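The values are calculated or read from the model by the stated rules, or taken from the named source; none is laboratory data. Please read all numbers here as calculations on a predicted model, not as lab measurements. Cβ sites come from the backbone with ideal geometry, for glycine too, and all protein chains shown count toward neighbours.
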Amino acid sequence: MHKNGNVKKVSYIKIAAILLVFAMLVTVLSGCGAKQAEDESRSNASAEVENVVMADSLAVIYSQHLNATKVKLSSFERDKIQHVAEVGGYMVLIPVDGDSQQFEEGFTLGSSAQTESRRAQEIEKQVTGVEAVIETSLLADAEQIDLYRAFQNAANALYDAPGVREILVIDPMLSTKDYLDFTTGMLNATPDEVVSFLKANDALLPLQGIIITIVGIGNVSGAQAPLNPHQAKNLGDIWAAVLNASGAESVTVKQSLAGEPVTDAPYVTPVPVEGVAVFTKESIASGDFKYGDDVVSFVPDQAVYLDPDAANAALEPLYQYLSGNPDITISIYGTNASDGFAKSSHSSLSQTRAETVSSSLIDMGLEAGRITTIQGLGNDNIWHVDDVDKYGNQTMEAWKNRSVHIVIDGSPTSNLLAND
C-alpha cells in the first residue's frame, strides 16, 4: 500500500466535464495490466537518447491557484505521463492550494491489450484523461499556497511505489504557507539560510531517492508582481538547495511558457518582490537612505551589481535630491551579515560595496568631494539585527544586514553613528 497521506475527497468539482474525463480515465484504467519487457526497453532507450529521466511512478504537483498561470502540458510533461502508462506505473495528482491534498486516490496506468494497436489506443486515452484532469480541474479550495505540504504528500504517495520515482512540479513555486512561506522575506534569503532554517526546525522534506523536476518556476500572474532576474535566480537556487538537502536523487528546474492567469480561485497573498521605497520623507528626516539587498542586489560575495540598470534606477532619486541640494554632503557605509558569533567593525566586502555605490553616484554626476566618508562597517553597527541562531548559523534575517547606507552628514543618523 502507498502512504497516500491526506487525500482530497472531491464531491463538487467546479467543472462538470471533469467528472466525465475522470470517469473515462477510471474506465480505461480498469483494464490495465503489466507492460511487455520489449516495449519497456524501447521506451528506456528513447529516454536515454533524449537525456531525460523517465519515472515508473510519478506524482504531479500542479498549480490551480490564484497568482499562477493555467497549466498547459508540453510534450516534455506529457511524455513523462505516457512513459508511466507504457510501463504500467503508478500516478498521483496533487493540485496546489492552501491544503495541497491529493485529488482522489492514486492510480495505476497501463494496458493488457493483446495487440500493439489496441494497447496504444488505451494508453493514449489514459494520457489524454490525465492531461484533461490536470489542465481543466479547478480544485483550489483553500486560501494560500502550501508547496511544503504538497511535497510531503507526494513523497508519502511514492513511499513504496515501484521503480524510479519522480515528483513533477508545474508551479511558480512562490509558496505562502508553512515552513516555506515566501511572504516572510524568504525570497531575499540565501539558499544556505533557508536550508539552515529547515534543519533547525527538523523540517527537511522526506525526498530520499526521488527525482524532482520543476517546470514553470516564476510564471506568475494576477496580483503577484513578476520577479526581477536576481529574485528569479534566487528562487530557483533556494528550491534546489532545499530539495537536494532533503535527499532528492536529482533536481532539475526547467523553464516553460507562461499561460493564461488562473481566476475564480481562493485568495493568495502576493509575495513582495519590490524593494522597500528608499527615498521617502522619513528617510530624508533621518538622513538615512538604506539600499538593501532587496533594492540594490549584488552578485553573491562580490561588489558587482547583479543588475546595473536596476541599481542605477534605484539610486537616481537620491542623486536628483542631492543635485538639488548642493550644500549637502554624505557618508556611505557598507554592512554585511554575520559569520558565526564574531563581531567585526570592518569587512572588505562591505567596504568594496560601499565604494561601488559611491562610484555609481559619481558616474551620475555627483562631485566626489561631497562624499566625505566611504567605510565598510561589517556586522557591528547601529543597524545590525540578530541574524544567527544559538549555534552560530545564519538565519533568514541575514539578508536585512546586507546593505549600503547613504547618510546625510549632520543628520540624526549621522549623530548616532558619531556617538556609537
Item to check | Conditions (1) farther than 20 Å from A285 by Cβ; (2) among the hydrophobic types (A, V, I, L, M, F, W, C); (3) part of a helix (DSSP H, G or I); number of the one not met by F341 | outcome: (3)
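Yes/no matrix, rows are residues, columns are (1) in the same structural domain as A59 (by TED's automatic domain parsing); (2) of a type in the set (K, R); (3) more than 30 Å from D178 (Cβ to Cβ); (4) out of contact with any strand residue (DSSP E or B) (no Cβ under 9 Å at 6 or more places or on another chain):
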{"residue": "G110", "(1), (2), (3), (4)": "yes, no, yes, yes"}
{"residue": "Q114", "(1), (2), (3), (4)": "yes, no, yes, yes"}
{"residue": "E131", "(1), (2), (3), (4)": "yes, no, no, yes"}
{"residue": "D141", "(1), (2), (3), (4)": "yes, no, no, no"}
Next on the checklist: Filter segment 323-344 down to the residues that are among the hydrophobic types (A, V, I, L, M, F, W, C), surrounded by fewer than 20 Cβ atoms within 10 Å (Cβ to Cβ) and modelled with pLDDT of 90 or more and list them by number.
Outcome noted: I328
Next on the checklist: Just to check your reading of the model, which residue among D56, D79 is surrounded by 17 or more Cβ atoms within 10 Å (Cβ to Cβ) and either at pLDDT below 85 or closer than 19 Å to A248 by Cα (or both)?
Outcome noted: D56
Checklist entry - Quick one: is L207 in a strand (DSSP E or B) and either touching a residue at least 40 places away in the same chain (Cβ under 8 Å) or basic (K, R) (or both)? => result no
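So in segment 89-141, with the set limited to residues that are small (G, A, S) and touching a Pro at 6+ places or on another chain (Cβ under 9 Å), which one is farthest from S74 (Cα to Cα)?
Taking segment 89-141 first, the residues small (G, A, S) are 89, 98, 100, 106, 110-113, 117, 120, 129, 132, 137, 140.
Still in the list and also touching a Pro at 6+ places or on another chain (Cβ under 9 Å): 89, 98, 137, 140.
Details: G89: 20, G98: 26, S137: 17, A140: 22 Å.
For segment 89-141, the residue satisfying everything is G98.
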Checklist outcome for this item: Selection from segment 125-163 of residues within 22 Å of N67 (Cβ to Cβ) and among the hydroxyl-bearing types (S, T, Y) yields T136, S137, Y148
Checklist entry - Can you pull out the residues in segment 221-251 that are part of a loop (DSSP other than H, G, I, E, B), of a type in the set (A, V, I, L, M) and under 19 Å from V296 (Cβ atoms)? => result A225, L227
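Scan segment 111-121 and give yes if some residue there is touching a Leu at 6+ places or on another chain (Cβ under 7 Å), at pLDDT 90 or above and not small (G, A, S), otherwise no.
Checked segment 111-121: no residue is touching a Leu at 6+ places or on another chain (Cβ under 7 Å), at pLDDT 90 or above and not small (G, A, S).
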Next on the checklist: Of the residues P300, P266, only one is in contact (Cβ under 8 Å) with a residue 60 or more places away in the chain, under 20 Å from the mean Cα position of the chain (by Cα) and not assigned by TED's automatic domain parsing to the domain that holds Y148; which?
Outcome noted: P300
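Residue by residue, here is whether (1) under 16 Å from H230 (Cα atoms); (2) of a type in the set (A, V, I, L, M) holds:
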residue: F279; (1), (2): no, no
residue: P300; (1), (2): yes, no
residue: A303; (1), (2): yes, yes
residue: L306; (1), (2): yes, yes
residue: D309; (1), (2): yes, no
residue: P317; (1), (2): no, no
residue: G324; (1), (2): no, no
Checklist entry - Got a number for residues in segment 305-346 being under 19 Å from L366 (Cα atoms), within 30 Å of the chain's Cα centre (by Cα) and polar (S, T, N, Q)? => result 1
